[in-house]
Amino acid sequence: MTQETLDVPDLGYTDGTERNHSVKPKLRPTRIVIFLSLFSSVLFAVLGSPVARAAPRETSRQEGACLAIGEAPVVKGNSALAKEAAIRQALNKGVEDYIIYLLGSQGTVRHFDRVTEDILPAVQQEIQNFHILAEQQLNDRYKVLLRLQVNEAAIEEKLRSFGIQLTETSPIQVLFLVSELREGHLSYWWKDPEEFRSLSPVELALHKLFQERGFSPINRSLRLPDLSPDGDLATPDLSGEAVLEWGNLFSSDVVISGQCTIEGAEQMALTLNAWDVSQGIQVCQEFISEILAADPDDADTFVSAIGEIIKQLAAGFCPCIKDAVASDRGKITPLTVTLAGIRMPKEFWQFSRFLKEEVLGVTSVIPSQIKKNSLSATVEFQGDRKRFINRVLNHSKQPFPLRLRPAGGGEIVFGID
């Protein structure tokens, strides 16, 4: 039975006795009380279990050990040279297999460019030892079976240095507020978000790079806030308070502000500042100035050239953000969340499903208390209270309009408008 098709009948009196007409109406149990009483038992049966978490990594591998087969042709009868080549191939395959094991299928696909270009060459030296378990020469082919041991801690540290986290946490959501100055003309999207819906070449390059590094860039053209910015929110040089306000409007974890200056088709200078929205502070800053060897009229090569320059800057910038922002993201915070003003059970089911499926960082929703027109749940969230509230209130897929109500004792109360 699904939540959507659950049918709770109108039971009226449930004790089996005849209705006593002499009893005053105000003493009779109302339908809503009986209904909620029955509903509470059904609700806890249906929603009481936490969200299923991702299964842990398989444990068949022990301390970075794995098996691999390599083969190579025997040229001019030189078996020794073929054996050496087969061993090299097996070692390479073993490391590849181990990286795929660590990242999983989805992680490997998401970071494929980073894995092939940067990670695999960097971790080959982390093979501690290997043993030949079997070898065979058949006709003109030489094959070996190796058991190799890799330095697991060193490999995981290298992955983190490239911005790839192995912990089961939601990706850091990043909003870009980077203006562009080209040939004396200054442009920036937050002056008029409706007019500047298309992402600029710099934004496209930033999106691609940060996504490769394991972040979740916010496509602001698809999530425009319902406002017409003016005053401090519409100036090209945003104050720290305005940057953080934009971050809250888009429910981002990090805002990257700055300016890109391009002089002709030769020189590019880029300044980036990273702001932690939850802490309300600037955490990282980088600057780079390089020759831009690209035709500004060719969009693809132009974006690619910008990306190569940003890649140099990101080598230190992305790990800095990870260290400053992601340190507490693996910590699970239990929150007491109440939905007030409900008129029918399906509203809470919709709200619960919204939290579990749409709000990044929510790992479980467990109903805890029921009242006449409200339901409460314990919500486990990767992050703090402020980040959770911002993500709920500024989410574009709310099941119905929500507003935050005053509450005491650490409880978070959302009211249905």
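The values are calculated or read from the model by the stated rules, or taken from the named source; none is laboratory data. On a predicted model such as this, the values are computed, not experimentally measured, just so you know. Note: ideal-geometry Cβ built from the backbone for every residue, glycine included; neighbour counts use all protein chains shown.
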Considering only region 305-323, I want to know if a residue exists there that is over 28 Å from LEU204 (Cβ atoms) and in contact with a Ser or Thr (Cβ under 9 Å, 6 or more places away or on another chain). no
Hey, VAL95 touching a helix residue (DSSP H, G or I) at 6+ places or on another chain (Cβ under 9 Å), free of Cβ contacts under 8 Å to residues at least 40 places away in the same chain and buried (at least 19 other Cβ atoms within 10 Å of the Cβ) or not: no
The number of residues in region 371-417 that are crowded, with 17+ Cβ neighbours inside 10 Å, of a type in the set (A, V, I, L, M) and part of a strand (DSSP E or B) is 7
Name every residue in region 354-386 that is charged (D, E, K, R) and under 14 Å from VAL337 (Cα atoms), in order of residue number. LYS356, LYS371, GLU380, ASP384, ARG385, LYS386
For residues in region 52-70 being surrounded by fewer than 16 Cβ atoms within 10 Å (Cβ to Cβ) and either modelled with pLDDT of 90 or more or in contact with a Ser or Thr (Cβ under 7 Å, 6 or more places away or on another chain) (or both), which is farthest from LEU355 (Cα to Cα)? ILE69
Can you name the condition, by its number, that GLU180 falls short on among (1) loosely packed, with under 13 Cβ neighbours inside 10 Å; (2) closer than 27 Å to VAL255 by Cα; (3) charged (D, E, K, R)? (1)
Might you let me know whether region 338-349 holds any residue that is among the aromatic types (Phe, Trp, Tyr) and at pLDDT 90 or above? no
Give me the pairs: first residue in region 375-394 and of a type in the set (Lys, Arg), second residue at pLDDT below 85 and in a loop (DSSP other than H, G, I, E, B), beta-carbon distance under 8 Å, and six or more apart or on different chains, which are they? ARG385/GLY410; LYS386/SER278; ARG387/SER278; ARG387/GLY361; ARG391/SER251; ARG391/VAL359; ARG391/LEU360; ARG391/GLY361
With LYS356, LYS371 as the choices, which residue is farther than 28 Å from PRO171 by Cβ and either touching a strand residue (DSSP E or B) at 6+ places or on another chain (Cβ under 6 Å) or not assigned by TED's automatic domain parsing to the domain that holds PHE250 (or both)? LYS371
Determine, yes or no, whether THR363 is under 30 Å from LYS158 (Cβ atoms) and among the hydroxyl-bearing types (Ser, Thr, Tyr). yes
Filter result for SER257 (buried (at least 17 other Cβ atoms within 10 Å of the Cβ), under 20 Å from SER187 (Cα atoms) and not basic (Lys, Arg)): yes
Apart from one, (1) under 24 Å from the mean Cα position of the chain (by Cα); (2) at pLDDT 85 or above all hold for THR167; the odd one out is (2)
Does TRP275 satisfy being touching a strand residue (DSSP E or B) at 6+ places or on another chain (Cβ under 8 Å), within 22 Å of LYS322 (Cα to Cα) and part of a helix (DSSP H, G or I)? no
All but one of (1) under 30 Å from SER198 (Cβ atoms); (2) touching a residue at least 12 places away in the same chain (Cβ under 8 Å); (3) not assigned by TED's automatic domain parsing to the domain that holds ALA205 hold for PHE112, so report the exception by its number. (2)
